[in-house]
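Q: The structure that follows is given in the form of structure tokens.
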Amino acid sequence: MLSDAEKMPLLRLTTYASNADHAVSHIKMSFTKDSKSQVEAELSTLVDRSELSDIQSESIAGLFSQIIREIKASFNGLPLDKIIFEADLNLLGLDNDTMKITLRFTPKTLAKDGNENFFEDLFENAGDYEDDQKIEHAVTNIELHLKRTRLRSVDLIMDNSIPSDSFYQFPFSKRISQKLADIEEQYEGYSLNVVPAINLNFALTQRRRLQFLTGTAETRAKLIKEKDNFELNSVQDVLAQANIALSLAETGHISAITLKTSGRNQYTPVFDLITKQTSLESAGVIDLNHEVAKTYQYIFRMMLENYSYPQFSKGWLQSMKCSMKTLSGRFVLNFDSYHLTRIFGEKTVSDIQNDLHMKAVQFSNNAQIKEINLTTKDDKVLKADLSIDALTKQKMSVKGMHLTDLNADDPKAVITRTFSLTNSGYILRKERFVD
């Protein structure tokens with residue numbers, strides 16, 4: 001069974017949910033190799049209340065404990081650092097059909113000579129786990145986390161929401177482990193100053209081959225803005241780094257771009273990658289010629305001009321995201337999101353309410369704050385994140401900014417509350433509890 005210390009975050013969540021009188025709609029609980037645990041949960045005011053009682057908490061802890069024992073027995077000898085459980089909760093308790101189990105490995109913690117066959121050993125042990133487990137959990141995905149010329153961690157995922165009848169307990173082809181080892185070797189062959197931080201998610205449902213699904217690439221190179229445009233050389237640099245991720249994904253293409261402020265007149269691009277779905281989509285590396293660089297220079301400039309409000313962002317970090325697709329050979333951008341984020345340290349809600357109200361006044365007829373996310377600990381605001389809507393949507397007029405429903409708290413937990421804009425003001429929609 002789990003120790004009392006490992007169960008404590010879950011029991012603290014139970015107490016908080018009861019005091020706040022909100023429903024726990026989703027739970028995520030992680031356990032490290034040194035027996036430390038953490039709970040993350042989403043609480044909602046809008047769903048039927050699920051009584052997360054002490055009895056239910058003990059039942060959930062008992063289930064996790066049984067699965068952990070089986071996992072540790074099957075993956076003994078591999079660098080397993082963390083086991084993460086995630087699932088929705090309904091009126092009956094834990095919804096097993098939504099459960100996702102993630103095993104996080106750090107291959108580089110092995111001795112240098114013992115790391116060469118990591119992926120081969122991983123899939124051999126994964127096959128043993130599927131054969132031996134008492135509760136059916138099929139291996140569905142694998143994620144690689146690559147940063148600064150190294151494979152930092154590997155996530156082996158069992159997602160119950162994916163039907164497994166066609167592949168459960170079917171052996172893994174050695175071509176999968178070989179392909180993953182090739183990706184690692186290729187990434188580690190680049191020099192530090194050109195390599196982006198890359199996350200790649202692959203499906204393992206075929207068992208005979210690796211299937212790229214989604215990924216992200218955050219470049220080390222920055223977009224440099226001069227006057228009204230970005231330096232063309234900086235555009236070429238970030239595209240060259242995006243190409244590294246595209247070459248590893250092979251069937252991937254860029255589906256969205258996020259620009260984040262990174263110093264004065266500098267922006268960090270994050271490229272979302274998705275697998276090629278149709279013959280009409282382009283996949284593979286970008287053809288780095290002058291015309292393509294000019295096209296992306298224009299795309300980045302249009303994102304900044306049309307989907308951000310830099311004149312109102314003083315003291316705040318900007319992040320704007322646009323999805324991107326091709327239509328008749330031309331790029332089409334669609335606005336996804338625009339956020340302003342600020343770290344406050346230790347201020348009370350009343351301290352920052354005037355700041356938030358003044359920010360709303362600044363936007364005036366240009367835009368509106370759709371959501372306010374306040375991250376607090378022990379009644380102090382650590383961070384505020386504002387989700388901004390462009391005026392393409394119907395504007396609502398709200399007087400004041402009455403951020404209520406902050407009575408329940410936990411002195412050790414970090415709680416993020418989401419307030420959504422309505423004609424009645426900003427209404428508490430959900431909470432995120434992390435302990």
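The values are calculated or read from the model by the stated rules, or taken from the named source; none is laboratory data. None of these values were measured; they are calculated from a predicted model. Cβ sites come from the backbone with ideal geometry, for glycine too, and all protein chains shown count toward neighbours.
Q: Identify all residues within the range 52-108 that are part of a loop (DSSP other than H, G, I, E, B) and surrounded by 14 or more Cβ atoms within 10 Å (Cβ to Cβ); write none if there are none.
A: Leu52, Phe75, Leu78, Pro79, Asp95, Met99, Thr106
Q: Please verify whether the range 282-303 includes one or more residues that are touching a helix residue (DSSP H, G or I) at 6+ places or on another chain (Cβ under 6 Å), more than 19 Å from Phe271 (Cβ to Cβ), touching a residue at least 40 places away in the same chain (Cβ under 8 Å) and part of a helix (DSSP H, G or I).
A: Scanning the range 282-303 turns up no residue that is touching a helix residue (DSSP H, G or I) at 6+ places or on another chain (Cβ under 6 Å), more than 19 Å from Phe271 (Cβ to Cβ), touching a residue at least 40 places away in the same chain (Cβ under 8 Å) and part of a helix (DSSP H, G or I).
Q: Just give me the residues in the range 320-352 being in contact with a strand residue (DSSP E or B) (Cβ under 8 Å, 6 or more places away or on another chain) and free of Cβ contacts under 8 Å to residues at least 24 places away in the same chain, in sequence order.
A: Listed by number, the residues that qualify are Val332, Asn334.
Q: Modelled with pLDDT of 90 or more and more than 22 Å from the chain's Cα centre (by Cα) - does that describe any residue in the range 78-93?
A: Within the range 78-93, one or more residues are modelled with pLDDT of 90 or more and more than 22 Å from the chain's Cα centre (by Cα).
Q: Any idea how many residues of the range 163-189 are exposed (fewer than 15 other Cβ atoms within 10 Å of the Cβ), not in a helix (DSSP H, G or I) and not polar (S, T, N, Q)?
A: Residues flagged as exposed (fewer than 15 other Cβ atoms within 10 Å of the Cβ), not in a helix (DSSP H, G or I) and not polar (S, T, N, Q) within the range 163-189 amount to 4.
Q: Another one. Between a residue in the range 54-80 that is within 18 Å of Lys7 (Cα to Cα) and hydrophobic (A, V, I, L, M, F, W, C) and any residue that is at pLDDT below 95 and surrounded by 14 or more Cβ atoms within 10 Å (Cβ to Cβ), which pairs come within a Cβ distance under 7 Å, given they are 6 or more apart or on different chains?
A: The qualifying pairs are Ile60/Leu10; Ile60/Leu94; Ala61/Leu2; Ala61/Lys7; Ala61/Leu10; Phe64/Leu2.
Q: Among the residues of the range 190-209, write down those that are surrounded by 19 or more Cβ atoms within 10 Å (Cβ to Cβ) and free of Cβ contacts under 8 Å to residues at least 40 places away in the same chain.
A: Listed by number, the list is empty, since nothing qualifies.
So that you can scan it fast, the table gives a plain yes or no per residue for (1) among the hydroxyl-bearing types (Ser, Thr, Tyr); (2) under 20 Å from Asp81 (Cβ atoms); (3) modelled with pLDDT of 95 or more:
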site	(1), (2), (3)
Ser164	yes, no, no
Phe167	no, no, no
Phe172	no, no, yes
Ile176	no, no, yes
Lys179	no, no, yes
Ile183	no, no, yes
Ser191	yes, no, no
Pro196	no, no, yes
Asn199	no, yes, yes
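Q: Also, I was wondering about something else. Quick check: anything in the range 250-258 surrounded by fewer than 16 Cβ atoms within 10 Å (Cβ to Cβ), touching a residue at least 24 places away in the same chain (Cβ under 8 Å) and not in a helix (DSSP H, G or I)?
A: Among the residues of the range 250-258, at least one is surrounded by fewer than 16 Cβ atoms within 10 Å (Cβ to Cβ), touching a residue at least 24 places away in the same chain (Cβ under 8 Å) and not in a helix (DSSP H, G or I), which makes the answer yes.
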